[in-house]
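Presented below is the structure to which this report refers.
Each value in this text was obtained by applying a stated rule to the coordinates, not by laboratory testing. Note that the structure is predicted; figures quoted are calculated from it, not measured. Glycine gets a Cβ as well: all are built from the backbone with ideal geometry, and neighbour counts include every protein chain shown.
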Amino acid sequence: MYTIAIHGGAGVISRENLLPEEEKLYLEGLAEALDAGYKLLEVGENALDAVEAAVTLLEDNMLFNAGRGSVFNSDGKIDMEASIMWGETLEAGAVCGIRNVKNPIQLAKAVMENSPHVFLNGSGAEDFAREIGLPFEEDGYFYTTRRYEELRKAKENVFAGQFAGKHFGTVGAVALDRYGNVAAATSTGGSTNKAYGRIGDSPLIGSGTYANNRTCAVSCTGDGEYFMRSVAAYDISCLMEYKFLSLQEACELVIMDKMVRLGGEGGAIAVDTLGNATLVFNSPGMYRGYRKEFGEAEVAIY
Ligand code: ASP
């Protein structure tokens, strides 16, 4: 039974701080990305292409913190990161600290498929993107007033000695195809006002992204530092592989128990090889959706 699930980030998202028209746009963006991935699975394409297609659309949508809608670093620049993993072979590709590449997830996939490496960073990753002909965009394409305002506020708060506020967000997709293969993809602009070349969990295989045909595919979102320290995505897979937990049990243990005890906020989406989809979060909301063969589907925020 083929299945796809996506997320557009988790955090303090409540009905009170989202206008009805904004809510509608988020739900439409999620549905559009979900359908793009699902349609590929429906016509017999594999899970890897499905997660890439879904994440590409989320990156192109400026509402989400990835690709076009990425948040700003403390220096007013935008550094993006992404990773992808293929459960059949455990092959993976990842990039971080990249600028102006239109779709970081496509670059991560190209690293996996067309290079001998797994993880490329900064100008080297950009050179590779140019060599293989991936599209680049000017700074203006990535600039959104809303994100710039978030940076300004975060800086003001830091200056006033107050908590800078959490401005996270990430997009991700996981899928099972009709051949029994799972794949996971995650892409982000990271956290607002990040400094000193900070990298989060999203491009780290095992932390933000993991896929293994023996267990499941996982994409995480939330406080990256906590997801890195708990190697969250791999932990979920390990609980299934070595402790025989179900997908739901494994996700709940990591996100609702371990992560909460550490103090980390966020969520994960996952699919297993039986076609189950699990979307869990310990934050007030997570932009999310899933769709399964035979019609079961949902997009939701809170
Ligand atoms: N995990 C991402 C990071 O720390 C942000 C997020 O998912 O909201 O960069």
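Taking 25 Å as R0, compute the FRET efficiency from the Cβ-Cβ separation of Glu28 and Ile199 and round it to 0.05.
0.20
Ignoring everything except DSSP H segments at least 4 long, calculate the 222 nm mean residue ellipticity for the chain; use -39,500 (n - 2.57) per segment, divide by total residues, nearest 500.
-10500 deg cm²/dmol, from helical runs alone.
For the range 22-104, rounded, prolate or oblate, judged on the Cα gyration tensor with a ≥ b ≥ c (square roots of eigenvalues), a/c < 1.5 rounded, else prolate if a/b > b/c?
oblate
Quick check for me: using +1 on Lys/Arg Cβ and -1 on Asp/Glu Cβ, what's the dipole size of the chain about its Cα centre, in debye to the nearest 20?
680
State which entries of Lys77/Lys153; Lys155/Lys258; Lys153/Lys194 exceed 21 angstrom in Cα-Cα distance in the structure shown.
Check vs 21 Å cut-off fails for Lys155/Lys258.
Calculate the FRET efficiency for Thr89 and Met1 from the Cβ-Cβ distance with a Förster distance of 22 Å, rounded to the nearest 0.05.
Here the calculated transfer efficiency is 0.50.
Answer rounded, prolate or oblate for the chain, using the Cα gyration tensor with square roots of eigenvalues a ≥ b ≥ c: rounded when a/c is under 1.5, else prolate when a/b is larger than b/c, else oblate.
rounded
At a threshold of 8 angstrom on Cα-Cα distance, excluding pairs fewer than six apart, so keeping six or more, what relative contact order does the chain reach in percent?
Value for the chain: 26 percent.
Toward the positive end of the charge dipole of the range 87-181, about the Cα centre and with charges on Cβ (Lys, Arg +1; Asp, Glu -1), which of Thr145, Ser123, Gly87 goes farthest?
Thr145
Pop the C-beta distance of Glu138 and Leu19 into the FRET formula with R0 = 30 Å and round what comes out to the nearest 0.05.
Given R0 = 30 Å and the Cβ-Cβ separation, E is 0.50.
At a 10 Å Cβ-Cβ cut-off, how would you order Val260, Val254, fewest neighbours first?
Arranged by neighbour count, lowest to highest, Val260, Val254 become Val260, Val254.
Please report Glu16, Glu32 as a ranked list, fewest other C-beta atoms within 10 angstrom at the top and most at the bottom.
Ranking Glu16, Glu32 by Cβ neighbours within 10 Å, fewest first, gives Glu16, Glu32.
Would you please give the residues with an amide H less than 5 Å from that of Ser70, counting only those at least 5 places away or on a separate chain, with H modeled from the backbone geometry?
For Ser70, no residues qualify.
When the Karplus curve 6.51 cos²θ - 1.76 cosθ + 1.60 is applied with θ = phi - 60°, which whole-Hz ³J(HN,Hα) does each residue of the range 211-218 get, with x for Gly and Pro?
For the range 211-218, the Karplus-derived couplings read 8, 8, 4, 6, 9, 6, 10, 9 Hz, x marking Gly and Pro.
DSSP loop trypsin sites (Lys or Arg not before Pro) in the range 181-258 with at most 13 other Cβ atoms within 10 Å of their Cβ, which ones?
Here the trypsin sites (Lys or Arg not before Pro) that fit, given the DSSP loop and packing criteria, are Arg214.
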